[in-house]
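Report on the structure given below.
What follows draws every value from the coordinates through simple rules; no lab data is involved. What you see is a predicted model; the values in this text were computed from it and never measured. Every residue, glycine among them, receives a Cβ derived from its backbone with ideal geometry; neighbour counts consider all protein chains shown.
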Amino acid sequence: MRRWLSRYWHIFRSPSLHFSLGFLVLGGFISGIIFWGGFNTAMEYTNTESFCISCHEMQDNVYAELKYTVHYHNRSGVRATCSDCHVPHEWTNKMGRKMEASKEVWGKIFGTINTPEKFADKRLEMAEREWRRLKANDSLECRNCHEFEYMDFSRQTPVAQRMHEKAFSGDIEATCIDCHKGIAHRLPDMSGVPLWPDGEP
Amino acid sequence: MMTLKPLACALLMTLTTMMAHAEDPARHLDQPGPTPMMGPEEDRDHSRLPADNPLGAPTIPHRITGHQMDRQFNRCLSCHGREAPPQLGARPMPDSHYQDRDGESRRQGAANRLPCTACHVPQMRGSGAPLGHPATGPREP
């Protein structure tokens, strides 16, 4: 066994007889690109909405509801897809989220939310995880598209204007999700969940 | 003569930049000024109901598009409920809304079940949601 290993180690280490160094470097470079590209294409596919809703758990509930909201259908025709709000765009965060996502495959196999009743029972728990995530990253996904800085407050409704001015000026410590829960899907029973930031807006 | 050419060039360039920066009387026209309020406006051409009918439910002076109103959650109460922060400037629902038909106080949370839009309707110019607009989504069974 040892001998066998050391023989291969030797071949592995000895200089190539048939191929030039240049060829090997170039070949390595090209196959690197191909693998990397394939990897990224796979990553990209898993970011598409059709991937997300390939599971009925995602299609029947959250997707069906999203269709009735401003993020799917609106005056200007700009829309947000699942991954705009649910997968961080930065690569490192992206991998982190993908790792977490393996839990969903597990959930699929074991049917944690495969009926409307089970989904309803689990909804608050799942929503709370999303709120925690958005709270922790200062609603990064929302801010990828919306920024206080570019909002024309004077074109907003009076309530929105007042609240945004307070949040923007730092009068209150609040991020988008503190005030905008249920922006894309229906909410579960919210008794006990604060709808506005701590210490009132 | 050869040395004058670049000099003339530089002079010309300075002149043109100076001209471009000179005070242009119409310049402020492309500066953003205070914008007038353009939010969805309440339709005041039609008097709000209570003026005509003291028992009528007041109309809603704001957009309610997509507001969830089902047995799980009623968005109206996030602003008009008793726990809503007063800074929002939304009047809390009157006590009548927390009473049953015998005048008894409803049990906690029952106000959540009120179908607000059965009595209150938006009266907006432009972007108000007419009743039964698809954007209010499917009702929960």
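Label positions at residue A:45 and residue A:173, each projected 7 Å from the Cα along the C-beta direction, are separated by 4.5 nm. With the simple spin-label model, which puts each label point 7 Å out from Cα in the Cβ direction, the residue A:26 to residue A:152 separation comes to 5.7 nm.
Between the beta carbons of residue A:112 and residue A:18, assuming R0 = 51 Å, the FRET efficiency works out to 0.40 to the nearest 0.05.
Here the scattering of the stretch A:57-192 is modelled by Debye summation over its C-alpha atoms, one equal scatterer each and no solvent; at q = 0.11, 0.14, 0.20 Å⁻¹ the log10 of I(q)/I(0) is -0.48, -0.77, -1.45.
Counting every pair of alpha carbons in the stretch B:50-120, the share spaced more than 20 Å apart comes to 31 percent. Close amide H contacts of residue A:180 (hydrogens built in the peptide plane, cut-off under 5 Å, sequence separation of 5 or more or a different chain): none are found.
Computed extension gain for residue A:131 through residue A:67, at 0.36 nm per residue and net of the alpha carbon distance, reaches 21.0 nm. Distances between placed amide hydrogens fall under 5 Å for residue B:60 paired with B:121, B:123, all partners being 5 or more residues away or on another chain.
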